[in-house]
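Q: The structure that follows is given in the form of structure tokens.
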Amino acid sequence: MLRPLFLLAFLLATPRLAAQGEPVEPLPQGVVAQVNGEDIAMQDYLEYLYQRFGKRGVREMVGDLLVEREAARYGVVVDEAEVVRIANEREEGMRRGQDEQTFLANLERNGQDYGLFRNSIEAEIRTELRLSGLVLKTRVATDEKIQQLFERKHGLGGVRMEIRHIVAMPNILRAEAVREGADPSTIDMEQLRATARSQAERAREQLISGADFATVAAELSHDRVTKDRGGKIENYNGRLYGPAFRGVLDRLQPGELSPVVESGAGFHVVELISRTETSLAEVRDALIDEILSAEPNFQEMTSLRNSLIEAAKIRLF
């Protein structure tokens, strides 16, 4: 969908929409269209746009201008070759499955010709690249960001644990009972909790007896995400399943099996595969470099644009 500003540019630049086969003649100065011989003046058209779109197009134009000026102030230069490269990729995506005639016909149905289409997407890309460059120039590695990245990479408190589990869930047992014809109103959840705990205890006994963890997980675990990969929880963050679950893990040694532990999801048996501890001081500089050089995301760019608009003294018609 075109921004209103680009729609305005298109309509102001369009000399005339003629019936098929009718020759196109230049319109008089100050006339944006003729309908059955009647002129539509540019001023009338601008008033129509204002009634139709209000100040939205002007706000977008102001936002783009503020971004352009701020980028110039920080020495952010847009590489036109990069603009063309990205525009070509976007055009290729839009053309997919269409021949040339169909593609151009679709542009026309949307009120565009090819030149306007390219101008509009290249203008948007320039703004995006300016915003991206501004984010990189102005981004700050706050303590909060450093801590968040530290825990994402190295685990809660700098402790990264590789674990696998088997879990029996009362809610899954309830769903199975309902599928088998049980009346939901008569199901005893306390009984199902006891059954789930018993299933987890049975899994633990099999593991202690030497059964293969992956085999037992595939048979008894209700965790559909992990049961088919040996029970392994990928990228355990230290918070999943709550503090009681984490507390049990903190007391385990690598290779050790936990007692049955209850979480909000059900009853677990957990094995600690490995534990790696990292000090924030050891990796702080690397984390700062990663934060400052990371690819700007949509939220950062939108926030920066909005902050420029909020800080500016703007008067609209």
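The values are calculated or read from the model by the stated rules, or taken from the named source; none is laboratory data. Everything numeric in this text was worked out from a predicted model, so none of it was measured. A quick note on method: Cβ atoms are made from the backbone with ideal geometry, for glycine too, and the neighbour counts reach across all protein chains shown.
Quick grid of which residues meet (1) exposed (fewer than 11 other Cβ atoms within 10 Å of the Cβ); (2) more than 24 Å from the chain's Cα centre (by Cα); (3) in the same structural domain as ILE125 (by TED's automatic domain parsing); (4) closer than 30 Å to MET189 by Cα:
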{"position": "VAL248", "(1), (2), (3), (4)": "no, yes, no, yes"}
{"position": "VAL270", "(1), (2), (3), (4)": "no, yes, no, yes"}
{"position": "ILE273", "(1), (2), (3), (4)": "no, yes, no, no"}
{"position": "VAL283", "(1), (2), (3), (4)": "no, yes, no, no"}
{"position": "ALA286", "(1), (2), (3), (4)": "no, yes, no, no"}
{"position": "SER307", "(1), (2), (3), (4)": "no, no, yes, no"}
{"position": "LEU316", "(1), (2), (3), (4)": "yes, yes, no, no"}
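Q: Is there any pair linking a residue in region 104-131 that is aromatic (Phe, Trp, Tyr) to one that is in a helix (DSSP H, G or I), with Cβ under 7 Å and at least six apart or on different chains, and which?
A: Pairs found: TYR114/LEU104; TYR114/LEU107; PHE117/LEU107.
Q: So, ALA87, is that one modelled with pLDDT of 95 or more, surrounded by 11 or more Cβ atoms within 10 Å (Cβ to Cβ) and more than 27 Å from the chain's Cα centre (by Cα) or not?
A: Judged against the criteria, ALA87 is not a match.
Q: Collect the residues in region 29-80 that are at pLDDT below 90, in a loop (DSSP other than H, G, I, E, B) and surrounded by 12 or more Cβ atoms within 10 Å (Cβ to Cβ), keeping them in residue-number order.
A: GLY54, LYS55
Q: Could you go through region 89-105 and let me know if any residue there is assigned to a loop (DSSP other than H, G, I, E, B) and closer than 18 Å to ILE125 by Cβ.
A: no
Q: If you go through region 131-186 one residue at a time, how many are assigned to a loop (DSSP other than H, G, I, E, B), of a type in the set (A, V, I, L, M) and exposed (fewer than 15 other Cβ atoms within 10 Å of the Cβ)?
A: Number satisfying all stated conditions: 2.
Q: Pairs needed: first member in region 198-221, in the same structural domain as PRO170 (by TED's automatic domain parsing) and within 16 Å of PRO170 (Cα to Cα); second member anywhere, charged (D, E, K, R) and surrounded by 15 or more Cβ atoms within 10 Å (Cβ to Cβ); C-beta distance under 6 Å; at least 6 residues apart or different chains.
A: What qualifies is SER221/LYS227.
Q: I want to confirm something. Restricting to region 202-226 and keeping residues that are touching a strand residue (DSSP E or B) at 6+ places or on another chain (Cβ under 8 Å) and assigned to a helix (DSSP H, G or I), which single residue is surrounded by the most Cβ atoms within 10 Å (Cβ to Cβ)?
A: Going through the qualifying residues, I end up with ALA203.
Q: I've got another one for you. Taking the condition in a loop (DSSP other than H, G, I, E, B) and not hydrophobic (A, V, I, L, M, F, W, C), does GLY238 pass?
A: Answer is yes for this residue.
Q: Is it fair to say ARG251 is among the basic types (Lys, Arg), at pLDDT 95 or above and over 24 Å from GLU205 (Cα atoms)?
A: For ARG251, the condition - among the basic types (Lys, Arg), at pLDDT 95 or above and over 24 Å from GLU205 (Cα atoms) - is not met.
Q: Is there a residue in region 208-219 that is under 22 Å from VAL159 (Cβ atoms) and either at pLDDT below 95 or polar (S, T, N, Q) (or both)?
A: No; the residues of region 208-219 include none that is under 22 Å from VAL159 (Cβ atoms) and either at pLDDT below 95 or polar (S, T, N, Q) (or both).
Q: Taking the condition aliphatic (A, V, I, L, M) and closer than 13 Å to HIS165 by Cβ, does ILE233 pass?
A: yes
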